[in-house]
């Protein structure tokens, strides 16, 4: 006989109901694995939470930390988007790829055209490529950064072969054997790799590997078509980037000797003239105008300046009364380019990374000085007041006289 004490309570009834629902859900998952449709025991919100875990994250996630919450939501969103990519793009060990037309249509983007693109290069980095004999691998690194439109820092080697070694490709750079050689030469400097992929180094790490201690000046835009040309043209534009980095917004570039350029870039003077013709670098002649002609001053100038001394006849009176003769001598050239410079962008952050990498010993024992380190002493100034402030009586300083832009630029001498 059943008594009132045998009647289950409301809490027990609820617990049994929940247990039955969980058993049914478990059976549904087993049936789903076997090919049968599962029972619909979850409402729409619960289904969305299981499909997209980020939607179920509470607003207070991270114990009140907005940054942690944002980071977790972004990570969950990236995982969801990665799950929707094709298997060939999502698998790191996949060595085959879909045809280019299928990839471009699936991504919904137009095919990549490097003929109109420009490469953003810091002049100190291009100079180090020339000086260290890494110009060939360096231009491949610059092109790879353009090909990495997604900004993932990694590229598949089969796609590189397709883009840069295919005879029918508009971006043909070299043959497959040459590409393998370049990948080997740039290992540990511009990238690391395995059989299937190349992981590109960032600007700071590549600069540190080439011995650059600090980036100076504004980055320069180099047309990618010039890098896709022959090796001599690409090196010529890396050389032109050096001069473009020396150009100033507040005045013309200062003179620099060809021997100094050879020390900084590793390009000998004869090759410098060749590169200037290829890249459209225009040399500007500079002369220094000294004291009036007299035997003592002429002897002193010949002793100090060597064979570059000559007599300047001022027939138009630009230096003083017309008809006077002055002692003058040849100064190093200054150079102007057609390359455009851009904003510094993240240069401050990159220099901080370079300082950290240098302290970690990435540059090794043979640390090299950069352009600014070898030209700490200034001899050329924009006006006489600036030259007078820097004059210490030990060496002659020069300041530029305003001119009409025709003929060589004239510089006055302080301390001669």
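Things to note:
- Any chance residue 217 is at positive phi and either modelled with pLDDT under 90 or surrounded by fewer than 16 Cβ atoms within 10 Å (Cβ to Cβ) (or both): yes
- Those residues of region 241-259 which are within 14 Å of residue 271 (Cα to Cα) and in contact with a strand residue (DSSP E or B) (Cβ under 8 Å, 6 or more places away or on another chain), in sequence order: 258
- Of the criteria (1) crowded, with 20+ Cβ neighbours inside 10 Å; (2) over 24 Å from residue 265 (Cβ atoms), which one residue 227 fails: (2)
- Filter result for the condition that a residue is in a loop (DSSP other than H, G, I, E, B), assigned by TED's automatic domain parsing to the domain that holds residue 234, at pLDDT below 85 and at positive phi, over 361, 407, 366: 361
- Residue 310 meets the conditions (1) within 28 Å of residue 224 (Cα to Cα); (2) out of contact with any helix residue (DSSP H, G or I) (no Cβ under 6 Å at 6 or more places or on another chain) in every case but one. The failed one is (1).
Results for (1) surrounded by 12 or more Cβ atoms within 10 Å (Cβ to Cβ); (2) touching a strand residue (DSSP E or B) at 6+ places or on another chain (Cβ under 8 Å), shown as yes or no for each residue.
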site	(1), (2)
270	no, no
274	yes, no
282	yes, yes
287	yes, yes
290	yes, yes
293	yes, yes
301	yes, yes
307	no, no
316	no, no
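- The set of residues in region 181-204 that are surrounded by 13 or more Cβ atoms within 10 Å (Cβ to Cβ) and over 26 Å from residue 123 (Cα atoms) comprises 193, 196, 197.
The values are calculated or read from the model by the stated rules, or taken from the named source; none is laboratory data. These numbers come from a predicted model, not from an experiment. Virtual Cβ from ideal backbone geometry, glycine too; neighbours counted across all protein chains shown.
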